[in-house]
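One structure is given below, encoded as structure tokens.
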Amino acid sequence: MTGTGKGMNRRSVLRGAGIAALAAPALVGKGMAKGAVTWRVQSHWPKASSSFEASLGVLAAEVSERTDGAFKLELYGAGEFAKGSGIYNLVRKGVVPMGTISPSYIQDDAQAASFLYGIPGTLRESWEMQHVVKNLGIEDLVNEDLEPKGVRILAEKVLPTELTVSRKIESAADFKGMKLRSSGTMLDYLAKAGAAPQYIPGSELYQALSSGTVDGAHWGAAVGAKSMSLWEVCKYHVKPPLAQTTDAHIINLDALEKLDDDMRTALLDAIEVRFYARSVEYVHAEAVALSQGIAENGIEVIHLPQDVLDILAQASTSILDAEAEKGERANKAAGIYKGLMADLGYA
């Protein structure tokens with residue numbers, strides 16, 4: 001928790017907006033806003049990614065509608081101002097007021113960021129991740145570190161993470177040494193299982209796969225693989241999911257505070273409502289995308305063999321314990337995960 005008056009005021013503003021959003025629809029009449037506002041939003045999604053339109057495009061339309069066109073979000077695909085981990089600093093410095101990121105990009109900036117991203121091999125269903133993020137306090141723990149730095153993170157959706165690879169995996173020997181595009185705690189997870197993971201920005205991923213620089217990747221799961229054309233070069237889609245993960249919005253708090261109350265409420269309410277709607281949409285979209293991949297792209301769904309699953313289970317326990325040691329907030333986040341997993345009979 002920050003002890004500064006500014007930090008407390010920021011949280012009060014955000015919480016007040018949330019309460020107002022529950023009390024009444026966030027609609028702004030033409031004469032109510034102080035004036036038209038346009039925010040540039042730098043996304044970590046390339047424009048080819050399905051989430052650029054289905055997530056960010058829909059949010060922009062919703063905010064415009066709620067404010068009667070007074071508040072517009074101007075959307076930029078990955079790399080137009082920054083890409084990947086560079087987006088956080090772009091927003092923190094106020095170059096743009098808002099962006100989208102994977103929480104895996106900010107593991108050095110918030111103790112519990114890995115738990116917001118998702119600890120591989122722990123939670124199995126979308127609703128479980130939604131619950132720990134919004135209801136059990138993971139998102140709040142991350143923001144205790146981020147708010148004093150002038151930013152706030154808000155989860156955008158929950159999505160599964162699944163590998164798409166160029167060759168079959170039939171044993172731990174096949175898995176060993178596979179060059180896999182990954183990020184965040186998933187890098188450690190895959191490495192502990194014997195793979196050779198590396199980080200590659202989304203805008204460079206197709207080229208890396210088609211050139212053989214990597215043997216496979218995860219960009220979400222089936223929806224991401226389809227929208228990024230990964231199945232053109234990788235014909236094997238791997239089950240089960242490695243993790244339930246999140247994408248997120250990152251917002252500059254100074255810019256947020258400068259909005260009039262109605263615009264601020266419109267934005268925050270739209271983000272909160274879209275989180276739940278988009279997470280459920282994504283479960284449906286995954287099933288559709290996978291069926292289309294089989295029918296149209298000739299992909300084959302394969303399952304990780306038991307010897308690989310056994311190694312990954314050991315890696316998951318190791319990562320969860322290691323992340324818990326990052327500090328008080330990380331330890332609290334680990335307790336949230338372990339408590340739910342115990343309730344569900346997973347641990």
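The values are calculated or read from the model by the stated rules, or taken from the named source; none is laboratory data. Note that the coordinates shown come from a computational prediction; the quantities given were computed from them, not determined experimentally. Neighbour counts are summed over all protein chains in view; Cβ atoms, including those assigned to glycine, are modelled from backbone coordinates with ideal geometry.
Mind telling me which of the residues S171, S210 ends up being surrounded by fewer than 18 Cβ atoms within 10 Å (Cβ to Cβ), of a type outside the set (V, I, T), farther than 23 Å from E128 by Cβ and in contact with an Asp or Glu (Cβ under 7 Å, 6 or more places away or on another chain)?
Working: S210 fails: in contact with an Asp or Glu (Cβ under 7 Å, 6 or more places away or on another chain).
Exactly one of S171, S210 is surrounded by fewer than 18 Cβ atoms within 10 Å (Cβ to Cβ), of a type outside the set (V, I, T), farther than 23 Å from E128 by Cβ and in contact with an Asp or Glu (Cβ under 7 Å, 6 or more places away or on another chain), namely S171.
Which condition from (1) surrounded by 22 or more Cβ atoms within 10 Å (Cβ to Cβ); (2) touching a His at 6+ places or on another chain (Cβ under 9 Å) is the one that L340 breaks?
For L340, the failing item is (1).
Out of all the residues in segment 284-298, which are more than 22 Å from S126 (Cβ to Cβ) and either in contact (Cβ under 8 Å) with a residue 12 or more places away in the chain or of a type in the set (D, E, K, R) (or both)? Let's see the steps before the verdict.
Of segment 284-298, the ones more than 22 Å from S126 (Cβ to Cβ) are 295-298.
Scanning segment 284-298 gives E296, N297, G298.
Would it be correct to say that V132 is among the β-branched types (V, I, T), farther than 20 Å from W219 by Cα, part of a helix (DSSP H, G or I) and not assigned by TED's automatic domain parsing to the domain that holds A54? Before the answer, list the steps.
Numbers: among the β-branched types (V, I, T): yes; farther than 20 Å from W219 by Cα: yes; part of a helix (DSSP H, G or I): yes; not assigned by TED's automatic domain parsing to the domain that holds A54: yes.
Taking the combined requirement at face value, the residue satisfies it.
Would you point out the residue of segment 43-88, among those that are outside any loop (DSSP other than H, G, I, E, B) and among the charged types (D, E, K, R), that is nearest to V158 (Cα to Cα)? First the steps, then the outcome.
Filtering segment 43-88 down to residues outside any loop (DSSP other than H, G, I, E, B) leaves 50-66, 71-76, 86-88.
Next, from what is left, pick out any that are among the charged types (D, E, K, R): 53, 62, 65-66, 72, 74.
Working: E53: 16, E62: 20, E65: 25, R66: 24, K72: 25, E74: 24 Å.
Among them, the one singled out is E53.
Could you tell me whether A110 is surrounded by 18 or more Cβ atoms within 10 Å (Cβ to Cβ), within 16 Å of the chain's Cα centre (by Cα) and part of a loop (DSSP other than H, G, I, E, B)? Lay out the reasoning, then the answer.
Working: surrounded by 18 or more Cβ atoms within 10 Å (Cβ to Cβ): yes; within 16 Å of the chain's Cα centre (by Cα): yes; part of a loop (DSSP other than H, G, I, E, B): yes.
So A110 fits the description; yes.
Please go through segment 308-337 and give me each residue that is surrounded by fewer than 14 Cβ atoms within 10 Å (Cβ to Cβ) and among the charged types (D, E, K, R), ordered by number.
D310, D321, E325, E328
Could you say whether any residue in segment 183-206 is more than 19 Å from the chain's Cα centre (by Cα), outside any helix (DSSP H, G or I) and within 24 Å of I294 (Cα to Cα)?
Checked against the condition, which is being more than 19 Å from the chain's Cα centre (by Cα), outside any helix (DSSP H, G or I) and within 24 Å of I294 (Cα to Cα), segment 183-206 yields no hits at all.
Working only within segment 175-191, note down all residues that are surrounded by 17 or more Cβ atoms within 10 Å (Cβ to Cβ) and either over 16 Å from V238 (Cα atoms) or out of contact with any Asp or Glu (no Cβ under 7 Å at 6 or more places or on another chain) (or both).
Selection gives F175, R181, S182, S183, G184, T185, M186, L187, D188, Y189, L190.
Confirm whether A248 is over 14 Å from S102 (Cβ atoms), modelled with pLDDT of 95 or more and either basic (K, R) or in contact with an Asp or Glu (Cβ under 8 Å, 6 or more places away or on another chain) (or both).
Values: over 14 Å from S102 (Cβ atoms): no; modelled with pLDDT of 95 or more: yes; either basic (K, R) or in contact with an Asp or Glu (Cβ under 8 Å, 6 or more places away or on another chain) (or both): yes.
Judged against the criteria, A248 is not a match.
Could you identify the single residue in E125, E144, E170 that is under 23 Å from S51 (Cα atoms) and either of a type outside the set (F, W, Y) or in the same structural domain as L75 (by TED's automatic domain parsing) (or both)?
Details: E144 fails: under 23 Å from S51 (Cα atoms); E170 fails: under 23 Å from S51 (Cα atoms).
Just one listed residue meets the conditions, E125.
Which pairs have Cβ atoms under 9 Å, sit 6 or more apart or on different chains, and link a residue in segment 87-100 that is of a type in the set (D, E, K, R) to one that is modelled with pLDDT of 95 or more and assigned to a helix (DSSP H, G or I)?
R92/L146; R92/K149
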